[in-house]
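Working notes, structure below.
The values are calculated or read from the model by the stated rules, or taken from the named source; none is laboratory data. All values reported here derive from a predicted model rather than from experimental measurement. Because the Cβ atoms are built from the backbone with ideal geometry, glycine has one as well, and the counts that use them run over all protein chains shown. For accessibility, only protein heavy atoms count, side chains too; no ligands or nucleic acids. Shrake-Rupley method; radii C 1.70, N 1.55, O 1.52, S 1.80 Å.
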Amino acid sequence: AAEEAAVRAQADTVRRLKQDKADPDEIAKEVAKLLEMKAQLGEDDGKHKFVLKTPKGTRDYGPKQMAIRERAFNAIISCFKRHGAEVIDTPVFELKETLTGKYGEDSKLIYDLKDQGGELLSLRYDLTVPFARYLAMNKITNIKRYHIAKVYRRDNPAMTRGRYREFYQCDFDIAGQFDPMIPDAECLKIVHEILSDLQLGDFVIKVNDRRILDGMFAVCGVPDSKFRTICSSVDKLDKVPWEEVRSEMVGEKGLSPEAADHIGEYVQLHGGLDLIERLLQDPKLSQNKLAKEGLGDMKLLFEYLTLFGITGKISFDLSLARGLDYYTGVIFEAVLLHQENEHVEEPVSVGSVAGGGRYDGLVGMFDPKGRKVPCVGVSIGIERIFSILEQRLEASEEKIRTTETQVLVASAQKKLLEERLKLISELWDAGIKAEMLYKKNPKLLNQLQYCEDTGIPLVAIVGEQELKDGVVKLRTVATREEVNVRRESLVEEIRIRTSRC
């Protein structure tokens, strides 16, 4: 009691000082004293006020959002499996040295962790570098794999556009020594299949080649030492106009105005096979070994894409650079085109929704003997895709089911809890997705209302008469039609009816 009285007296002192507008330092000192006294008294137990928010650049996903996400994941995974991919997983953090120097100017976005037990670790930035480490470590020279997992970037989040600090990547990669452009063409086909399947609207897949870019930089007079930094400037062309990119190259990165203007002549070109043919005849580019190789492979790629029937959505685009350091050949990026949506007043603008390319040197960076394993892969931007699907479904007011329950086990009279438990157990054991209300004697109306609210299509009703007759009354919620089904035939009847849904 004496301690409580002392706390109250101290609280009065703090109040009086605040009323008298005393020196802030003195108030702070007395507040600290009060908090210490309260802590000793245990008065603060359970009363600490938490800031209830998710960390910057992250979000929670409720049942409705997760139902939408699952649809998208299922479409992506079924496509990866259709193309014969195996699945792997790797740790969420890697040794810091594994990730260092692989991402160019984006390396500053890597999350470093505190030294725990003598290892300097970082959270993974993508799934490609861990994959290359996995190949080198396990001496794998041939694999087609997919990997879906969270990655972390210390980025400035733009969450309405699906840009987060913690997000999922869905990666598909083909590693191994194969004939040119066949695996690359399949990666582009996969992007086309997924974006078509998800019905996100009109899209274009931009394609370029690092060798064409490097050859272009060389003939335009860019010094070798500036290739990567100029590359990251060009990569901004999808977001800012050429004038801004030019001034960054010249003003910030010290490129000569003449070289920048030469680059400008090329990077604003885009087209198809006709453009590739034209550049193969270009007096400057055709003299550069790298550019010539890249253009030759690009021509071959377009021939394969023509056979796949998808060139209508492919654009050879010389402004595409993709800032990551590890790309060595073909690079590509899928972009949603602005579309007027009948449900949304403004078109949803989310930019790139998939990207990838060839990275033939990355595995060799980890291999002790420098053995190279050629790789090409694609990453689907699931968060951006999800933000579109979520906005679209909200606008359409479509009712989204958050469970897969096929049948509710209900009772028509009181004192039938045991019978409901017996029946639901039979259904669960037979692999039927079933629920019941957790009340001894629920009203039938409440049970039917629960089905309406949650979208459960069937109700299996047990009553005294049904038990005598060895049947269960099966009700279709949508039509309110009821039929008596023999108990032994119930599982089969539920399967037949739910397979039509």
The ³J(HN,Hα) series, computed from each phi in the range 248-253 with the Karplus coefficients 6.51, -1.76 and 1.60 at θ = phi - 60°, rounded to the nearest Hz and given as x for glycine or proline, is 5, 4, 7, x, 8, 10
Taking the simple approach of a point 7 Å from Cα along Cα-to-Cβ for both GLU418 and ARG500, what is their distance in nm?
3.6
Cross-link reach from LYS415 to lysines, straight Cα distance under 25 Å and at least 8 residues apart if same chain, gives LYS433, LYS439, LYS440, LYS443, LYS468, LYS473
Specify the inter-centroid distance of the range 277-315 and the range 206-223, based on alpha-carbon positions, in whole Å.
13
Probe 1.4 Å, accessible area per residue of the range 119-167, Å²
43
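A 32 angstrom limit on the alpha carbon distance is what I want to check against. Which of LYS81/LYS289; LYS236/LYS369; LYS96/LYS139; LYS236/LYS372 exceed it? Please list the in-between numbers first.
Values: LYS81/LYS289 38 Å; LYS236/LYS369 36 Å; LYS96/LYS139 21 Å; LYS236/LYS372 30 Å.
Violating the 32 Å Cα-Cα cut-off are LYS81/LYS289; LYS236/LYS369.
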For the chain, what is the calculated [θ] at 222 nm in deg cm²/dmol (nearest 500), taking -39500 (n - 2.57) for each run of four or more DSSP H residues and dividing by its residue count?
-13000 deg cm²/dmol
Alpha-carbon radius of gyration plus Dmax, which is the widest Cα pair, for the range 407-499 in Å:
11.8, 33
With all protein chains present, calculate the accessible area of SER256 using a 1.4 Å probe and round the result to the nearest 10 Å².
50
Largest-first principal axis extents, alpha carbons of the range 1-41, Å
30, 14, 8
Is the range 339-498 best put as rounded, prolate or oblate by its Cα gyration tensor, with a ≥ b ≥ c the root eigenvalues, rounded for a/c under 1.5, and otherwise prolate when a/b is larger than b/c, oblate when not?
prolate
Apply the a/c threshold of 1.5 to the C-alpha gyration tensor of the range 54-144 and tell me whether it is rounded, prolate or oblate.
oblate
Using a 1.4 Å probe on heavy atoms of the protein chains only, the accessible area for LYS289 in Å², nearest 10, reads 150
Just report the Cα centroid separation between the range 457-479 and the range 92-163, whole Å.
55
I'd like the FRET efficiency for SER352 and GLU404, computed as 1/(1 + (r/R0)^6) with the beta carbon distance as r and R0 of 41 Å, rounded to 0.05.
0.80
Heads up, I need the accessible area for LEU444: 1.4 angstrom probe, whole protein in place, Å², nearest 10.
60
